[in-house]
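No lab work stands behind these numbers, since they all come straight from the coordinates. Everything numeric here is computed off the predicted structure, so don't read it as measured data. Note that each Cβ is placed from the backbone with ideal geometry, even for glycine, and that neighbours are counted across all protein chains shown.
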Amino acid sequence: MGARTGRQFLDGLRRTQREIWVDGERIADVTAHPKLAGGANSLAAIFDRQHAYAADCLYTDPQSGEPTNVSHMIPRSREDLRRRHAGLVRLSEGSMGIMGRTPDYMNMKFAAFASAPAVWAGADGRNERGARNIVAFQRHLAKADTALTHTIIQATIDKRTDARVVGNRAAIRKVGQTDKGIIVRGARVLATLAPYADEQTVYPSQPLPPEATDYALSFAIPLDTPGLVFLCRDSAAAPGADPFDKPLSSRFDEQDAFCIFDDVLVPWERVFIDGDVAIYNSLRETGYAIGMTTQSTIRALTKLEFAYGLASRMAELIGDRSPATTEMLGELACYVRLTANALELSLEKAWQRADGVWFPDGAVLDPMRSMLPVWMPRVAEIITLIGSHNLLTTPSRAQLHDPKLRPLIDEMLHGADGAAADERAQVFRMAWDFVGSSLGGRGFLYERFYLTSASRNKQMLHERFFDRRRARALLDDMLSRAQR
Ligand SMILES: Cc1cc2nc3c(=O)[nH]c(=O)nc-3n(C[C@H](O)[C@H](O)[C@H](O)COP(=O)(O)OP(=O)(O)OC[C@H]3O[C@@H](n4cnc5c(N)ncnc54)[C@H](O)[C@@H]3O)c2cc1C
């Protein structure tokens, strides 16, 4: 089939009887329920977007010959990387970067996974079947253009003992097997996009200790697989709200769900890792983290650019040219420029793996995983500081349309330099929806944690990934000079 349309995506969601719970209700049709429909429609618009911007977002898959989303591409040249980059930018603009888990996020990971079957197979080929399965699954993903969710983090029960993993009865683990496949029980967090996904995927994040074989699993299953239960967080979708009044929450709540595997059968053909801790711990070698960081940094740049545009217009609408505000806008501009620079440099320093697959330079992007979780909350703070009470003096559409109120609003609540009351209300409403609504709060939490916390990322950067040779050489040089 290749790239789907929005209608095909929504029809696919309606066809499956997934177990999605919001509050006390099991949702029969996620495309129609007021708490979920806004997100479904926005994702449908993103599927349509890939056709509207086909020159950027689609490529001809060499195997199927079909127009396919660029995020499924396994890049074979620098030009492929640039082409994919342009498509990802277009896709992120669909939600101004507010939806972090548009399907391209997972597609990028699985393209990298499938590009390296030898890593999945293990050096001695002991997991050949798993390697074949992951490649076949990625082909299916690209051809059917399905949307994935994923859970890679063990649920927190007791932080003093969780890291030991073995014996953790809340964590997902293998509890049996039949001739059809493995039986899986336990939970994982936090499946963003779950109500809108076609399949659930499980794969490694944090390394496991050698004895944790039952926990070393990777697989993919359709969302309507029996025993798969999703407990969604409270909706941030502002059900029933006028889209003028809640322009972002009414559209961009992508949902997050606690995922329970209640003795779920995973068919053999969908099992990628079954108990092999060494392979489980080696998947970074596939390059998937580079794909993930590339997509998420492109998405973050769009969000930063949007925030900069929003904050700048807010300041103009209230005639705020104070040094304090100008400095904060300059700070926002720095985040935009630094993020753009990192992406550009990652492309310029792109490299080719021995098997011919191309990657952006992951080392250039690594620090973004530590800094964006800090910058994004600061951006929200800047918008709050510039906005102040103006974030709340925002007539609703109903008030703006009221014949008695409108002349009063026009007289007393217009913007600076003759800006109309509607625009002022619209911009400040959007700003409050961005930082102060339930969606804004969830966005804060998301940016802080979706690629693990900034603290963990900084520690990993220092301990594992950063090449410290030049820093050490400079120190040694100066130490030797000091002895002279
Ligand atoms: C909105 C949202 C959506 C998400 N979506 C998904 C998803 O789709 N799929 C998925 O698998 N996961 C998802 N996650 C989960 C996410 O992967 C985890 O929240 C993330 O890995 C952080 O783990 P944690 O919550 O256990 O926090 P931790 O990393 O344990 O951090 C908790 C606190 O401890 C601090 N901390 C932790 N370690 C250290 C340390 N070594 N030194 C100092 N301080 C430390 C942190 O700074 C933080 O304040 C999502 C999370 C959120 C909030």
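Taking every DSSP helix (H) stretch of at least 4 residues in the chain, weighting each as -39,500 (n - 2.57) and dividing the sum by the residue count yields a mean residue ellipticity at 222 nm of -15000 deg cm²/dmol. Computed on the chain, with alpha-carbon pairs under 8 angstrom and 6+ residues apart, the relative contact order is 16 percent.
Extension gain for the segment Asp124 to Arg337, taken as residue separation times 0.36 nm less the Cα-Cα distance, is 72.1 nm to one decimal.
Using +1 on the beta carbon of Lys and Arg, -1 on that of Asp and Glu, and nothing else charged, what's the dipole of segment 175-271 about the Cα centre, debye to 20?
Working: 7 positive and 15 negative charges, 21 e Å.
The dipole of segment 175-271 has a size of about 100 debye.
For a footprinting-style exposure proxy, rank Tyr196, Tyr53 by other Cβ within 10 Å, fewest first.
Working: Tyr196 29, Tyr53 17.
Fewest to most other Cβ atoms nearby, the residues stand as Tyr53, Tyr196.
Need the C-alpha centroid separation for segment 294-370 versus segment 424-474, integer Å. Distance between centres, Cα-based: 12 Å. Derived scalar couplings between HN and Hα for segment 24-40 equal x, 10, 8, 7, 6, 10, 5, 7, 10, 5, x, 7, 10, 4, x, x, 4 Hz in order, rounded to whole Hz, by the Karplus curve 6.51 cos²θ - 1.76 cosθ + 1.60 (θ = phi - 60°), x for Gly and Pro. Quick note on segment 235-303: its Rg to Rh ratio, both from C-alpha atoms and Rh being the Kirkwood radius, is 1.15.
Scanning residues 5 or more positions from Ser77 or on other chains, those with amide H under 5 Å from its amide H are Trp358, with H placed 1.01 Å from N in the peptide plane. Under 5 Å between amide hydrogens, built in the peptide plane, is the criterion, and for Val175 it picks out Ile183, Val184, Arg185 among residues at least 5 positions away or on other chains.
In order along segment 417-434, the Karplus-derived 3J(HN,Hα) couplings, from 6.51 cos²θ - 1.76 cosθ + 1.60 at θ = phi - 60°, round to 6, x, 5, 6, 4, 4, 5, 4, 4, 5, 5, 6, 5, 4, 5, 5, 5, 6 Hz, and Gly and Pro are given as x. Sorting Met292, Met73 from the fewest to the most surrounding beta carbons within 10 angstrom yields Met292, Met73. Using θ = phi - 60° in the Karplus curve 6.51 cos²θ - 1.76 cosθ + 1.60, the 3J(HN,Hα) couplings for segment 277-285 round to 5, 4, 5, 3, 7, 9, 5, 4, 5 Hz; x is entered for Gly and Pro. As a proxy for reagent exposure, ranking Lys174, Lys404 by other Cβ atoms within 10 Å from fewest up yields Lys404, Lys174. Less than 5 angstrom separates the built amide H of Lys349 from those of Asp361, all sequence-distant by 5 or more or on a different chain.
With only Cα atoms counted, segment 287-474 has Rg and Dmax values of 20.8, 74 Å. Oblate is the label for segment 6-284. Its Cα gyration tensor axes, ordered a ≥ b ≥ c, give a/c of at least 1.5 and b/c at or above a/b. For a test of the definition: using alpha carbon positions, the gyration tensor, and the 1.5 limit on a/c, classify segment 187-334 as rounded, prolate or oblate. In terms of gyration-tensor shape, oblate.
Per residue, what volume in Å³ does the Cα convex hull of the chain take up? Let's see the in-between values first.
On the way: hull volume 90.2 nm³, N = 484.
Roughly 186 Å³ of hull volume per residue.
More than 16 Å apart: what percent of Cα pairs in segment 50-132 qualify? More than 16 Å apart: 58 percent of the Cα pairs in segment 50-132.
Measuring nothing but how far apart in sequence close Cα pairs (under 8 Å, 6+ apart) lie, relative to its length, segment 6-284 scores a relative contact order of 23 percent.
Taking 17 Å as the straight-line reach from the Cα of Lys35, the aspartates and glutamates in range (excluding those fewer than 8 positions away in the same chain) are Glu19, Asp23, Glu25, Asp234, Asp242, Asp245, Asp253, Glu254, Asp256, Asp433.
The base-10 log of I(q)/I(0) for segment 1-148, evaluated at q = 0.11 Å⁻¹, reads -0.47 [Debye formula, identical scatterers on Cα atoms, solvent excluded].
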